[in-house]
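First up is the structure itself, then whatever we jot down about it.
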Amino acid sequence: MDISSVVEKVHTQLLISDRWRDGSDGETYQVENPATGEVLATMSSASESDALDAMNAACDVQKEWSRTSPRERSDILRRAFELVTERKEEFATLMTAEMGKPYAEAVGEVAYGAEYLRWFSEEAVRQYGRTFEAPEGGKRLLTVRKPVGPCLLITPWNFPLAMATRKVAPAVAAGCTMVLKPAKLTPLTAHYFAQTMLDAGLPAGVLNVVSSQSASTVSEPIMADPRLRKVSFTGSTEVGRTLLKGAADNILRTSMELGGNAPVLVFEDADLDVAVEGTMQAKMRNIGEACTAANRIFVHESLIDEFSHRLTQRMEELKVGNGFDDDVTVGPLIEEKAVDNVASLIDNAVDHGAKVTTGGTRVEGPGYFFAPTVLTGATPNARVFREEIFGPVAVLYPFSTEEEAYSLANDTEFGLASYVFSENPATMFRASDNLEFGLLGFNTGIASNAAAPFGGVKHSGMGREGGAEGIDEYSEIQYIAVADPY
Ligand code: NAD
């Protein structure tokens, strides 16, 4: 599909109630294609007063929206699922253009992102309370679920559609209204998604979108508004921490999907073919720019030479380039700064004894490319052991005992995804007991699923998205005590 003809379909202004309009102070910013450096679109940038207009629009309809029937909300989500699926090529084109992921992966994200709409259309009508007798008798106790109220949703650039549907769909299902602030680097997909929600019948004001060149200009006034009830954020731990401090003033409910430092554990009894392929998926999905990306790969000492040889071969088979080109499996990184960060992590690892078995270099632009890289021999005091790489770099570390593997894996402030490869099912249970991570992939490199609760522990955040648990984040429970009629 031609990029400019798809971009032309996207509103580049702010969505306040049912109207796309310019920002009040006329400010704009540009969205670039990271594979070419070309400008894709000029977006309106929301000011503080636009943020408050969006908040007013959300608050004005909260009561009415919370009284719609679950079936009505479910039907809107179902239509949205169908429309996103019908518009698959447009969404995938926008994502490859503004974020850089290979087109086939962008199509994969459309299916994954749409699945949250379908899943929560099914969950919307299955929200149950309880009725029970007070233990001492004399009363019946009931619980009912209510929407938490107006929400602020802030999303990152790495999964421009799925990170939005994962928040918007449960909020709609629960009956909340919302203001969405997409990442500055990738707003086009979110704007097209918001229009798709309107096309699916979402009433005006339920979803408002305020893209801005300055995130805090939008988030601070909204978070200070006493009518806001919740902030749901996906992004870096550093920004999450700032938002949590802000949320304290207004005692907001929070969901925080933050950074990761995922370990892969390849045990002595692993099937090496499965382990290498699983590691490739866990490492290279989304060009390595995923919170779930394999950041530290621990391999039993008896396997590490063979594993490193095979992983190096697989990395060398990958093709780096513009995500729209045939056969390209590794697109550009999101911006120059990201390339600089990856290069500096590698330099630091080499200073700490690492050897580069393949890659290790920038790839000529225009665009922000980096060669798929494998490092061996880095020590845990290298920065790459502690920090999110967010790029196509696999770092291998040997271990000798199971205890040592768990201890190395847990030696991080993060706790989002982990992966274990072993042919022994009992290892899965021991790994689950020992690993301090919200997700565990066993003999698979992809753990995300709309039907499952996704989220981290420790500095990777709090709350769960997806699954039956996902809607709880947008519901309050009220309990009613009823005097016994006898
Ligand atoms: P980021 O924290 O820089 O930005 C995320 C969002 O927050 C963007 O919309 C940004 O504009 C906004 N933001 C930035 N500063 C803000 C502020 N002061 N106040 C309010 N909003 C602000 O993160 P990023 O670079 O866009 O995304 C990458 C990070 O996201 C990585 O750390 C990655 O691990 C994490 N991530 C986590 C998950 C998860 O589910 N746990 C999923 C995807 C990405």
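The values are calculated or read from the model by the stated rules, or taken from the named source; none is laboratory data. Computed from a predicted structure; not experimentally measured. Here Cβ is always computed from backbone atoms with ideal geometry, including for glycine, and neighbour counts include all displayed protein chains. Surface areas here come from the heavy atoms of the whole protein model, side chains and all, with no ligands, DNA or RNA. Shrake-Rupley method; radii C 1.70, N 1.55, O 1.52, S 1.80 Å.
Just for strands (runs of 3 or more DSSP E) wholly inside the range 393-486: which have at least 1 residues that are under 17 Å from the mean Cα position of the chain (by Cα)?
The qualifying strands (runs of 3 or more DSSP E) are 417-421, 439-442.
Here's a check for you: in the range 310-332, which residue that is closer than 20 Å to Thr279 by Cβ and either part of a loop (DSSP other than H, G, I, E, B) or free of Cβ contacts under 8 Å to residues at least 12 places away in the same chain (or both) is farthest from the ligand (Cβ to nearest atom)?
Going through the range 310-332, the residues closer than 20 Å to Thr279 by Cβ turn out to be 310-320, 329-331.
Filter once more, so that each one left must be either part of a loop (DSSP other than H, G, I, E, B) or free of Cβ contacts under 8 Å to residues at least 12 places away in the same chain (or both): 313, 317-319, 329, 331.
On the way: Gln313: 28, Glu317: 27, Leu318: 22, Lys319: 25, Thr329: 21, Gly331: 16 Å.
My answer is Gln313.
Check the range 131-148 and report whether any residue there is under 30 Å from Asn33 (Cα atoms), open to solvent by 10 Å² or more (accessible area, probe 1.4 Å) and touching a Gly at 6+ places or on another chain (Cβ under 9 Å). Spell out how you get there, then give the answer.
Quick first cut of the range 131-148, residues under 30 Å from Asn33 (Cα atoms) only: none.
No; the residues of the range 131-148 include none that is under 30 Å from Asn33 (Cα atoms), open to solvent by 10 Å² or more (accessible area, probe 1.4 Å) and touching a Gly at 6+ places or on another chain (Cβ under 9 Å).
How many residues does the range 207-218 hold that are surrounded by fewer than 24 Cβ atoms within 10 Å (Cβ to Cβ) and closer than 28 Å to Phe414 by Cβ?
3
What's the total number of residues in the range 141-156 that are over 20 Å from Arg73 (Cα atoms) and part of a loop (DSSP other than H, G, I, E, B)?
2
Would you please name the residue that is nearest to the ligand (Cβ to nearest atom), looking only at residues in the range 225-243 that are farther than 21 Å from Ala54 by Cα and of a type in the set (D, E, K, R)? Give the steps one after another, and end with the answer.
At the first step, the residues of the range 225-243 found to be farther than 21 Å from Ala54 by Cα are 235-242.
Checking which are of a type in the set (D, E, K, R) leaves us with 238, 241.
Numbers: Glu238: 7, Arg241: 10 Å.
Among those residues, the one meeting the criterion is Glu238.
Scan the range 192-199 and give yes if some residue there is modelled with pLDDT of 95 or more, near the ligand (Cβ under 10 Å from one of its atoms) and within 16 Å of the chain's Cα centre (by Cα), otherwise no. Full working, then the answer.
Taking the range 192-199 first, the residues modelled with pLDDT of 95 or more are 192-199.
In the following step, the residues that additionally are near the ligand (Cβ under 10 Å from one of its atoms) were identified as none.
No - not one qualifying residue is present in the range 192-199.
So which residues in the range 27-50 are in a helix (DSSP H, G or I) and within 29 Å of Ser4 (Cα to Cα), if there are any at all?
If the condition is that a residue be in a helix (DSSP H, G or I) and within 29 Å of Ser4 (Cα to Cα), then Asp50 is the only one that fits.
Any idea which of Pro221, Pro203 is of a type outside the set (Gly, Ala, Ser), surrounded by fewer than 24 Cβ atoms within 10 Å (Cβ to Cβ) and within 15 Å of the ligand (Cβ to nearest atom)?
When all the criteria are applied, what remains is Pro221.
Suppose we filter the range 54-98 for residues that are in a helix (DSSP H, G or I), over 19 Å from Pro150 (Cβ atoms) and of a type in the set (S, T, N, Q); how many remain?
Selection size over the range 54-98: 4.
Hey, could you check the range 375-389 for residues that are over 15 Å from Thr361 (Cα atoms) and in a loop (DSSP other than H, G, I, E, B) and say which is farthest from the ligand (Cβ to nearest atom)?
Filtering the range 375-389 for residues that are over 15 Å from Thr361 (Cα atoms) and in a loop (DSSP other than H, G, I, E, B), the one farthest from the ligand (Cβ to nearest atom) comes out as Gly377.
Restricting the range 4-59 to residues that are under 21 Å from Pro366 (Cα atoms) and more than 24 Å from the chain's Cα centre (by Cα), which is surrounded by the most Cβ atoms within 10 Å (Cβ to Cβ)?
Only one residue tops the list, namely Thr36.
Please work out which one of (1) assigned to a helix (DSSP H, G or I); (2) touching a helix residue (DSSP H, G or I) at 6+ places or on another chain (Cβ under 9 Å); (3) farther than 30 Å from Glu89 by Cβ; (4) away from the ligand (no atom under 14 Å from the Cβ) is the condition Gly246 fails and give its number.
(4)
Of the numbered conditions (1) within 20 Å of the chain's Cα centre (by Cα); (2) open to solvent by 40 Å² or more (accessible area, probe 1.4 Å); (3) in contact (Cβ under 8 Å) with a residue 40 or more places away in the chain; (4) within 12 Å of the ligand (Cβ to nearest atom), Arg253 fails exactly one; give the number of that condition.
(4)
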